[in-house]
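Student: The structure under discussion is supplied below as structure tokens; questions concerning it will follow.
The values are calculated or read from the model by the stated rules, or taken from the named source; none is laboratory data. All values derive from a computational prediction rather than experimental measurement. Every residue, glycine among them, receives a Cβ derived from its backbone with ideal geometry; neighbour counts consider all protein chains shown. Ligands, DNA and RNA are stripped out before the accessible areas are found, and what is left, the full protein with its side chains, is counted by its heavy atoms. Shrake-Rupley method; radii C 1.70, N 1.55, O 1.52, S 1.80 Å.
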Amino acid sequence: INFLKKYILILQGYGKGEVMFDIIFISYQEPNAEENFKQLQNRFPIAQRVHGVKGIHQAHIEAAKKACTKMFYVVDGDALIEEDFNFDYKVPEKDMNAVHVWRSKNPVNELVYGYGGVKLLPTNLTLNMNTETTDMTTSISDRFRPMEQISNVSAFDTTPFNTWKSAFRECVKLSSKVIDRQEDSETDARLDAWCKSNDLIAVDGAVAGRKYGTENKGNKEAISKINDFAWLEEIYKNAN
């Protein structure tokens with residue numbers, strides 16, 4: 001299988017025969033997922049898809065099972081890949097066990113950082129990750145590489161619930177300080193931006209998430225609920 005994939009890549013001209021990593025598109029209930037995956041696959045026919053797996057950790061483990069390469073790229077279901085992003089980063093040997101996260105454009109508050117960006121994950125570490133953590137990305141490996149290039153637009157603002165949910169989840173993580181290696185000043189600035197955007201639904205989710213994260217800081221059980229989409233939908237309905 002690996003040989004066949006590499007042969008196809010050579011024929012298509014990607015990387016000019018150099019080693020490429022698998023691209024896995026992970027979707028759940030994003031309304032724009034079908035269109036986004038088609039656009040991705042039109043440019044990169046080797047892209048595969050994991051769809052409908054409940055649980056963020058579990059979905060990424062399924063993606064790792066599909067990967068035939070030592071590392072693999074993850075594209076979120078609501079991601080619109082930038083035209084100049086080519087999945088061709090050459091990873092130094094010393095960084096093969098590091099989690100790489102590219103930056104993404106946020107459509108509601110103009111923030112540009114790793115939220116919703118393309119990720120490059122070590123396959124074996126992802127397969128064996130701790131599924132009890134709240135922020136999956138920063139807990140797969142103790143080595144983390146933030147990448148400067150913008151990989152995509154994180155187009156999460158598709159429905160009122162998706163917009164609210166995305167803002168709520170991110171602001172819970174930011175305010176509860178569960179993201180490993182985060183800088184407080186940078187985190188606080190991002191929280192403020194989420195809570196002051198022009199999208200009122202996103203602001204409602206951000207403010208509610210900031211409050212929940214602050215009140216439950218240090219309570220792993222309470223914070224972990226943000227990965228339960230049924231619970232999030234219930235909270236959203238009660239708030240509206």
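Student: In Å², what does the accessible area per residue of the chain work out to with a 1.4 Å probe?
Tutor: 51
Student: May I have the extent of the alpha carbons of the range 21-106 along their three principal axes, as whole Å values ordered from largest to smallest?
Tutor: 38, 30, 26
Student: Which net charge results when you count Lys and Arg as +1 and Asp and Glu as -1 among the other residues whose beta-carbon is under 14 Å from that of residue 151?
Tutor: Around residue 151, the surrounding residues sum to -2.
Student: Okay, next question. Expressed as a whole percentage, what fraction of the accessible surface of the range 98-240 belongs to carbon and sulfur atoms when a 1.4 Å probe is rolled over the protein heavy atoms?
Tutor: Roughly 47 percent of what the probe reaches on the range 98-240 is carbon or sulfur.
Student: Figure the gain on full extension for residue 110 and residue 90 (residue separation times 0.36 nm, minus the Cα-Cα span) and round it to one decimal in nm.
Tutor: Stretched fully, the residue 110-residue 90 segment lengthens by 4.3 nm.
Student: Calculate, axis by axis, the spread of Cα positions in the range 58-165 along the three principal axes, and write the results as whole Å, longest axis first.
Tutor: Dimensions of the range 58-165 along the principal axes of its Cα atoms: 38, 32, 23 Å.
Student: Along the principal axes of its C-alpha atoms, what lengths does the range 56-108 span, in descending order and rounded to whole Å?
Tutor: For the range 56-108, the Cα spread along each principal axis is 34, 27, 16 Å.
Student: Given the rule -39500 (n - 2.57) for each run of at least 4 DSSP H residues, summed and divided by the residues of the chain, what is its mean residue ellipticity at 222 nm, to the nearest 500 deg cm²/dmol?
Tutor: Calculated mean residue ellipticity at 222 nm is -12500 deg cm²/dmol.
Student: Separate question: Would you mind checking the tilt of helix 160-176 against the longest principal axis of the Cα atoms of the chain, expressed as 0 to 90 degrees and rounded to 10?
Tutor: The angle comes out near 80 degrees.
Student: Convert each backbone phi in the range 203-220 into a coupling constant with the Karplus relation 6.51 cos²θ - 1.76 cosθ + 1.60 (shift: θ = phi - 60°), then list the ³J(HN,Hα) values in order as whole Hz, x for Gly and Pro.
Tutor: So the Karplus estimates, Gly and Pro as x, are 5, 4, x, 5, 5, 5, x, 4, 5, 5, x, 5, 5, 10, 4, x, 9, 4 Hz.
Student: Of all beta bridges DSSP finds with both residues in the chain, what is the antiparallel percent, to the nearest 5?
Tutor: DSSP beta bridges in the chain are roughly 40 percent antiparallel.
Student: Over all Cα pairs of the chain, how is the pair count split among 10 Å bins, expressed in % and running from 0 up to the last occupied bin?
Tutor: P(r) over the chain, rounded to whole percents: 8, 32, 38, 17, 5, 0.
Student: Same structure again: What do you get for Rg/Rh over the range 141-191 if you use C-alpha atoms and the Kirkwood form of Rh?
Tutor: 1.01
Student: Okay, moving on. So how much slack lies between residue 41 and residue 222, counting 0.36 nm per residue of separation and subtracting their Cα-Cα distance, in nm?
Tutor: 61.4 nm
Student: Which percent of the Cα-Cα distances in the range 110-208 go past 16 Å?
Tutor: That tail contains 61 percent of the Cα-Cα pairs.
Student: Now for a different question. Using Cα springs under 10 Å in a Gaussian network model of the chain, which residue among 169, 43, 210 shows the largest mean-square fluctuation?
Tutor: The residue that fluctuates most here is 43.
Student: Under 18 Å between alpha carbons, and skipping anything fewer than 8 positions from residue 54 in its own chain: which lysines qualify?
Tutor: Straight-line reach from residue 54, under 18 Å: 65, 66, 165, 225.
Student: Tell me, how many Å apart are the Cα centres for the range 226-240 and for the range 130-171?
Tutor: If we compute the Cα centre of each part, the gap is 18 Å.
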